[in-house]
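As structure tokens, the structure follows; a few thoughts come after it.
The values are calculated or read from the model by the stated rules, or taken from the named source; none is laboratory data. Bear in mind that the values here come from a model prediction, so they are computed numbers and not experimental data. Heads up, the Cβs are rebuilt from the backbone with ideal geometry, glycines too, and the neighbour counts pull from every protein chain shown. In case anyone asks, the SASA skips ligands and DNA or RNA and just uses the protein heavy atoms, side chains included. Shrake-Rupley method; radii C 1.70, N 1.55, O 1.52, S 1.80 Å.
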Amino acid sequence: NLKFDLNLVYKYGVNKITPFMDTMILAWIIDPDKKVGLDALSKRYLDHEMLSFKEVVKKGENLSSVELERASFYACEDSYITLKLYEKLIEKLWDDVKWDYENIEMPFINLLIDMENEGIKVDIDYLEKLQIKLTEKLKTLTKEIYALAGSEFNIKSPKQLSHILFEVLKLPAKKKTKTGYSTDEKVLNSLKNAHPIMPKLLEYRKLDKLLSTYVIPLKEYAKKNKDHKIYTNFLQTGTATGRLSSKNPNLQNIPTSTEINIRNAFVTDKLFASLDYSQIELRLLAHFSEDENLINAFLNDKDIHLETAEKIFGKNAKEYRSIAKSINFDAPSS
């Protein structure tokens with residue numbers, strides 16, 4: 001996890017370097033579906049059980065409270081195992097990804113460090129207005145739900161909600177758990193036309209999640225910084241597909257609801273640029289399959305999904321475009 005260490009030493013004035021090797025990223029490129037933590041890699045490739053941080057440092061303490069000999073062993077084992085993993089894994093780095101690893105993944109570490117240190121500014125006033133708006137909507141929904149239920153209850157309690165839905169209102173129960181009948185999202189959606197209370201409950205859950213998972217936490221994160229910036233941690237090895245992920249906080253799954261637009265809370269005095277590949281999977285499919293129809297459709301900037309629909313269903317197949325789209329995007333993964 002070289003990004004962590006480089007980010008630290010750069011703060012002490014060390015000039016930027018292009019990393020030579022990161023065994024975590026190396027392990028991820030070789031096998032992106034498996035864990036890439038040092039302990040897991042040591043066990044998998046070296047059959048060695050490492051001394052864990054929890055075994056060395058007591059809860060609430062840090063390395064400064066550990067006796068020197070034990071702290072030294074812990075630190076040296078990290079370094080030694082990393083070297084041994086490098087010797088083992090470098091043999092598995094096959095030629096067709098070696099260029100990508102050296103020219104994309106390694107320099108990318110510094111770019112991620114820059115992105116993390118730049119952070120992103122949040123409009124706290126905007127989030128506070130959203131919080132007020134959501135809170136009022138939830139109060140209104142709560143009154144409506146109580147009226148339809150015939151009594152007050154804790155809407156967030158699965159047990160109490162189950163009692164109201166399946167014992168008081170006598171709705172058909174779908175799935176039983178150890179504690180009673182399930183009230184998960186799938187169950188509620190399956191009952192959305194069974195009673196006027198159901199759409200209200202679904203709306204309540206959606207708005208409550210927006211408030212408690214995004215609006216309030218993002219506002220609190222931003223308040224901790226004098227510039228109202230949020231600093232996330234980007235994970236280069238977070239997915240098997242090669243996409244980035246982020247944590248503390250996760251900024252890559254912010255909902256796109258138009259009515260409660262949380263994304264508008266992110267602001268900049270520079271520029272937001274939105275870039276996306278255009279049907280990259282299908283373009284790759286056209287290239288590798290050398291299919292004339294696909295290639296010609298892309299070269300002539302045609303509607304690839306309509307083209308597919310016409311090839312399958314004949315001319316004037318606009319009504320089948322959505323079916324053709326499903327077929328197109330299923331094809332590369334088949």
Filtered hits (lysines, Cα-Cα < 26 Å from LYS302, offset >= 8 within chain) -> LYS311, LYS315, LYS318, LYS325
With every protein chain kept in place and a 1.4 Å probe, the chain has an accessible area per residue in Å² of 66 Å²
Extension length gain for ASP276 and LYS88 (0.36 nm per residue less Cα distance), in nm, is 64.0 nm
Comparing GLU91, GLU310, GLU55 in a Gaussian network model of the chain (Cα, 10 Å), the one with the largest mean-square fluctuation is GLU310
Simple spin-label estimate for THR268/ARG70, 7 Å along Cα→Cβ, in nm, reads 4.7 nm
Rounded to one decimal in nm, the spacing of the 7 Å Cα→Cβ label points at LYS139 and ASN103 is 6.1 nm
As straight-line cross-link partners of LYS209, the qualifying aspartates and glutamates (C-alpha separation under 13 Å, not fewer than 8 residues apart within one chain) are GLU185
Bounding extents of region 91-134 in its principal axis frame from Cα atoms, largest first in Å, are 57, 21, 13
Computed from the beta carbon distance with a Förster radius of 35 Å, FRET efficiency for THR18 and SER257 to the nearest 0.05 stands at 0.30
Per the 1/(1 + (r/R0)^6) rule, R0 = 35 Å and r from the Cβ atoms of ASP78 and LEU202, FRET efficiency to 0.05 is 0.10
Ignoring ligands and nucleic acids, GLU128 exposes an accessible area, probe 1.4 Å, in Å² to the nearest 10, of 60 Å²
Here FRET efficiency (C-beta to C-beta, SER157 to ASN193, R₀ 25 Å, nearest 0.05) is 0.55
A 1.4 Å probe over the protein heavy atoms gives the chain a carbon and sulfur accessible-area percentage of 52 percent
For region 1-109, the Kirkwood Rh over every pair of distinct alpha carbons, in Å, works out to 15.5 Å
Over the chain, the sum of -39500 (n - 2.57) across DSSP H runs of at least four, divided by residue number and rounded to 500 deg cm²/dmol, gives at 222 nm -15000 deg cm²/dmol
Straight-line reach check, LYS35, cutoff 21 Å on alpha carbons, 8 or more apart in-chain or any other chain, hits among lysines -> LYS3, LYS43, LYS54, LYS84, LYS88, LYS92, LYS98, LYS247
The correct pair for the chain, radius of gyration to one decimal and Dmax as a whole number, both in Å and from Cα atoms, is 26.6, 78
The chain, Gaussian network, Cα under 10 Å: of LYS175, LYS206, LYS59, the residue fluctuating most is LYS59
Judged on accessible area alone, 1.4 Å probe, highest first, LEU294, LEU68, LEU111, LEU41 line up as LEU68, LEU111, LEU294, LEU41
Length gained if ASN248 through ASP96 is fully extended, taking 0.36 nm per residue and subtracting the Cα-Cα distance, is 51.3 nm
With every protein chain in place, the accessible area of ASP269 for a 1.4 Å probe, in Å² rounded to the nearest 10, comes to 140 Å²
Answer in debye to the nearest 20: the dipole magnitude of region 170-290 about its Cα centre, from +1 Lys/Arg and -1 Asp/Glu charges placed on Cβ, is 700 debye
proj_area_mean for region 1-56 (convex hull on C-alpha atoms), units nm², value 5.2 nm²
Rounded to one decimal in Å, the inverse mean reciprocal Cα-Cα distance for region 112-186, i.e. its Kirkwood radius, is 15.7 Å
Using a 1.4 Å probe on heavy atoms of the protein chains only, the accessible area for PHE53 in Å², nearest 10, reads 100 Å²
